[in-house]
1. Per-residue counts of other Cβ atoms within 10 Å, averaged by peptide: what ranking do you get for 99-109, 15-25, 38-48, highest first?
2. For Phe44 and Thr175, compute 0.36 nm times the residue count separating them, minus their Cα-Cα distance, and round to one decimal in nm.
3. Report the one residue of Val74, Gln110, Gln64 whose Cα lies farthest in the direction of the positive end of the charge dipole of the stretch 59-112 (charges on C-beta: Lys and Arg +1, Asp and Glu -1; origin at the Cα centre).
4. Once the dipole of the chain is set up with Lys and Arg at +1 and Asp and Glu at -1 on Cβ about the Cα centre, which of Phe35, Gly24, Val84 lies farthest towards its positive end?
5. Go through the stretch 117-158 and name the trypsin sites (Lys or Arg not before Pro) that are in a DSSP coil and have 10 or fewer other Cβ atoms within 10 Å of their Cβ.
6. Take every DSSP beta bridge whose two residues both sit in the chain, then give the antiparallel share in percent to the nearest 5.
7. If I model a spin label as a point 7 Å beyond the Cα along the Cα-Cβ vector, how far apart are those points for Arg33 and Val18 in nm?
8. Which value in deg cm²/dmol, rounded to the nearest 500, describes the helix-derived mean residue ellipticity at 222 nm for the chain, given -39,500 (n - 2.57) per DSSP H run of n ≥ 4 and division by the residue count?
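We did not get these values from a lab; they are worked out from the coordinates using the rules stated. Just so it is clear, the model here is predicted, and its values are computed rather than measured. Reconstructed Cβ throughout: ideal geometry from the backbone, glycine too, with neighbour counts over all protein chains shown.
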Amino acid sequence: MKIEKTPLKDCFILHEKVNEDKRGYFKETFNQRDFAAATGLDIFFVQDNQSRSVKGVLRGLHMQKGASAQAKLVRVIEGSVLDVAVDLRKDSPSFGQHYTIELTAKNHKQFFVPAGFAHGFIVLSERATFFYKVDKFYQPGNEVGILYNDKDLNIDWKLPESEFILSEKDKKLGTLADYTANL
């Protein structure tokens with residue numbers, strides 16, 4: 001597995017080594033020892049989650065706050081998504097910045113999003129199955145988020161907004177300025 005830094009502190013792209021032959025393929029999707037050696041981060045995942053969505057579904061930008069803040073390791077096992085991470089750690093040199101990456105079943109990339117980041121994705125293919133690991137259990141009372149179309153972030157979601165499918169909750173999230181005012 002090759003691990004690549006991104007412009008955001010502690011965010012990494014994991015390139016899986018895929019061994020293919022006429023029978024199909026095998027890949028190791030996570031190795032704790034190799035990850036810690038390459039990143040200096042000691043992460044212990046406690047839960048796996050999976051969602052399936054149709055084209056245009058935008059989920060995010062979500063995060064857990066305080067002691068419930070979750071690190072995530074995300075990947076796509078069917079289709080393609082544009083994945084987005086926003087650094088909301090007030091003391092981080094990349095605070096308020098975002099990073100996007102296309103994750104597909106074919107490119108075998110994973111994206112590590114550390115605790116303290118808002119995270120979301122939009123489905124670019126006709127449907128996608130999204131899989132992710134978290135290092136803390138979900139606490140409903142500790143969820144916060146940033147509005148997907150926040151002008152300060154100016155995220156290019158790669159689809160026209162007329163194609164977005166959003167939950168009512170995601171339509172009502174606050175802005176980055178709202179979040180910053182509460183730090």
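1. Those peptides, ordered most packed to least, come out 99-109, 38-48, 15-25.
2. 44.1 nm
3. Gln64
4. My answer, from the dipole projection, is Gly24.
5. Here the trypsin sites (Lys or Arg not before Pro) that fit, given the DSSP loop and packing criteria, are Lys151.
6. Of the beta bridges lying entirely in the chain, close to 95 percent run antiparallel.
7. Simple spin-label model gives 2.6 nm for this pair.
8. The helix contribution divided over the chain gives -2000 deg cm²/dmol.
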